[in-house]
Amino acid sequence: MKIWIFGGTSEARELAELLGDLSHEITISFAGRTPSPILPERTHIRSGGFGGVKELCTYIRQNKFTFLLDATHPYAGIMSARIVKAATLTGVPILRFSRPPWPQAQNANWVKVASFNDALNVSEPGANILVASGHKGLEHIVKRPDCDFLVRLIVPPASLFQKIPPYCWRDPPL
């Protein structure tokens, strides 16, 4: 089989390794945030965005994939929806491998909002805020110097590092 794995998780890498060991031809796709992802040797890599469903369909057809495997992050809802739509339009079978999202601790006060700006607007002065949204939206942190942020990232935001107050990024990470 010629399998396209949409990655972003360590499970995607493990699946690529397992499927490659079974003599399948594997391409794994990442958003491109991690500069040096660890991948099995026999894996083709596709990094970066596509632009939308139409472009996904074109890539699927051009590369003659026979199976799609969505192993993106549990919070990558937009990408997962696009993958499903592209699979439907191309007729290529798809399987979604999903790990559960983070469990909410008993005393945690999680606030679900539609955007980064909404999160900053509902936060009280002096709030301690965990940001686990990836790199997108980090520029908004500077709008709330009265709050403390713990930013969860795999790679430091080099282009934004100078804009983010020093208490937002700890090097080395805790």
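The values are calculated or read from the model by the stated rules, or taken from the named source; none is laboratory data. Predicted model, so just to flag it, every value in this text is computed and none were measured. Here the Cβ positions follow ideal geometry from the backbone for every residue, glycine too, while neighbour counts run over all protein chains shown. SASA here: full protein model, heavy atoms, side chains in, ligands and nucleic acids out. Shrake-Rupley method; radii C 1.70, N 1.55, O 1.52, S 1.80 Å.
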When restricted to Asp70, Asp118, the only residue over 17 Å from the mean Cα position of the chain (by Cα), acidic (Asp, Glu) and open to solvent by less than 70 Å² (accessible area, probe 1.4 Å) is Asp118
Those residues of region 73-119 which are in a helix (DSSP H, G or I) and in contact with a Gly (Cβ under 6 Å, 6 or more places away or on another chain) amount to Phe116
Note on Arg42: of the conditions (1) open to solvent by 50 Å² or more (accessible area, probe 1.4 Å); (2) under 17 Å from the mean Cα position of the chain (by Cα), unmet is (2)
Those residues of region 124-150 which are at pLDDT 80 or above, assigned to a loop (DSSP other than H, G, I, E, B) and either open to solvent by 40 Å² or more (accessible area, probe 1.4 Å) or not aliphatic (A, V, I, L, M) (or both) amount to Glu124, Pro125, Gly126, Arg144, Pro145, Asp146, Cys147
If we keep only residues of region 18-57 that are touching a strand residue (DSSP E or B) at 6+ places or on another chain (Cβ under 8 Å) and in a helix (DSSP H, G or I), then the residue modelled with the lowest pLDDT is Gly20
Considering residues that are part of a loop (DSSP other than H, G, I, E, B) and not charged (D, E, K, R), the number found within region 58-72 is 4
Picked from region 73-89 (must be without any contact (Cβ under 8 Å) to a residue 12 or more places away in the chain and hydrophobic (A, V, I, L, M, F, W, C)), the residue surrounded by the most Cβ atoms within 10 Å (Cβ to Cβ) is Ala81
Those residues of region 48-67 that are among the polar types (S, T, N, Q) and open to solvent by 70 Å² or more (accessible area, probe 1.4 Å) come to a total of 1
